[in-house]
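Report on one structure; see the data block that follows.
Each reported figure results from applying straightforward, stated rules to the coordinates on display, with no laboratory input. These numbers were taken from a predicted model, which means no experiment stands behind them. Neighbour counts are summed over all protein chains in view; Cβ atoms, including those assigned to glycine, are modelled from backbone coordinates with ideal geometry.
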Amino acid sequence: MNPVFADLPVTVFETMSRLGREHGAINLGQGFPDDPGPDDVREVAAKALRDGYNQYPPMMGLPSLRAAVAEHYGRHQGLELDPDTEVMVTSGATEALAGAIFALIEPGDEVVLFEPMYDAYLPLVRRAGGIPRFVTLKPPYFRLEDEALAAAFSDRTRLVILNNPLNPSATVFGEAALSLLAGYCERFDAVALCDEVWEHVIFDGARHVPLMALPGMRERTIKVGSAGKIFSLTGWKVGFVMAAPELMRVLARAHQFLTFTTPPNLQEAAAYGLGKNDAYFTGMRAGLARSRDRLATGLSGLGFTVLPSAATYFVSIDIGAADDVAFCERLVRENGVAAIPVSAFYETGRVKNLVRFCFAKTDATLDAALERLSRQA
Ligand code: PMP
Ligand code: GLN
């Protein structure tokens, strides 16, 4: 037997969480919140489980959740979605991404990826036989530049995978950057897979602009969302995918053979939760922004150079000439704090001087981590 796994590496989240456990570290690496999630949403899930929502739900998702997704994105982002033909429920955003990549890529197709990129994209693209073309975004602003796009797109470009807001840089692409990208997608007749799982976790009054809403993009964008991020329930793995009917038919084919369905009690609870009023979303953002400020201020106080964080659960520090992987290994072993080396999100444009911390934690956890970080080895 000769198992092949060269293009399926071990994810940095697994590596760092395991190292963290071994060293009894505070885990500010993998992004998951201390917040237990809204009581009422969890109660609806528990009740649905007791009430018998336990057999295979419809392949495309519970009608209640598909309707709630359409209503939610109409209310928050002005999108008009037909719940019957343009919305599908997946087992997390991860399944939606994998399904879209497997459904759309033929071996030899080119795929434009923006690094730093979420770690799932590249292994999936390679496994599907796609040829990655990288656009490297550099700190501290991670701007989308016209020349870099011009160099990455070609007549063989099939798919573009954008994450907005962007994990790990915690930056947000606004209308100007998205229009630039939309122009290239139209010109080269490419489909955009837009991973918008962080759309509600955005701070300081910024507004999320869905790529799908840009001129020319309605028919060629696959929008991906996740209940995990909307309700601080990352283990739930309830995702939603939205696309025009023609694209959706292809995505649904892939979904049939990946997971077919997603636990119905969690779908029922997500449907309920998506109807929450603005106060919930404002409150979630305010709480996370406070945690961001607490960690960022603490890190600056320790002498670290802290990058701005406009979204997500993450803030990064610039460690100058040090190597981020070595730095994180030392941090977990000697200080008992797990973090993520941002070079794990780069393939070509080696940026090795950034370290990502998750701030979605209680004040006590953040303070304890800062205290540990203050003990210089
Ligand atoms: N995309 C990005 C950019 C993410 O950060 C994450 C997880 N944090 C996911 C996808 C995965 O989402 P899910 O847990 O819904 O599969
Ligand atoms: N998305 C989470 C992060 O960026 C981790 C998800 C995972 O563990 N695969 O930290």
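Structural remarks
- Sparsely packed GluC sites (Glu not before Pro) within the range 1-91, loop by DSSP, other Cβ within 10 Å at most 10: 80
- The range 128-147 and the range 210-262: distance between their alpha carbon centers, rounded to Å: 22 Å
- Theoretical ellipticity at 222 nm over the chain - DSSP helices of four or more residues, -39500 (n - 2.57) apiece, nearest 500: -12000 deg cm²/dmol
- In the elastic network of the chain, a GNM with C-alpha springs shorter than 10 Å, the most mobile of 312, 262, 348 is 348.
- Looking at the range 1-107, the chymotrypsin sites (Phe, Trp or Tyr not before Pro) that sit in a DSSP loop and have at most 14 other Cβ atoms within 10 Å of their own Cβ are 5.
- When each full DSSP H helix of the chain is screened for a Cα extent of at least 24 Å along its own axis and an average Kyte-Doolittle hydropathy of at least -1.0, the helices passing are 278-301.
- Among 226, 179, 309, the residue with the largest mean-square fluctuation in a Gaussian network model of the chain, with springs joining Cα atoms closer than 10 Å, is 179.
- Dipole check for the range 64-182: with +1 at the C-beta of Lys and Arg, -1 at the C-beta of Asp and Glu, and the Cα centre as origin, the magnitude is about 360 Debye.
- The range 39-274, relative contact order in percent, only Cα pairs under 8 angstrom and at least six apart counted: 31 percent
- Gained length - residue 49 relative to residue 326, 0.36 nm times residue gap less alpha-carbon distance: 95.2 nm
- Pairs of lysine residues in the chain that meet both criteria, 8 or more places apart or on different chains and Cα atoms under 27 Å apart, total 15.
- Farthest positive-ward along the chain dipole, Cα basis, beta-carbon charges - from 263, 188, 340: 340
- Estimated translational diffusion coefficient (Stokes-Einstein, Kirkwood radius over Cα pairs, 20 °C, 1.002 mPa s) of the chain: 101 µm² per second.
- The chain: antiparallel DSSP beta bridges as a percent of all, rounded to 5: 50 percent
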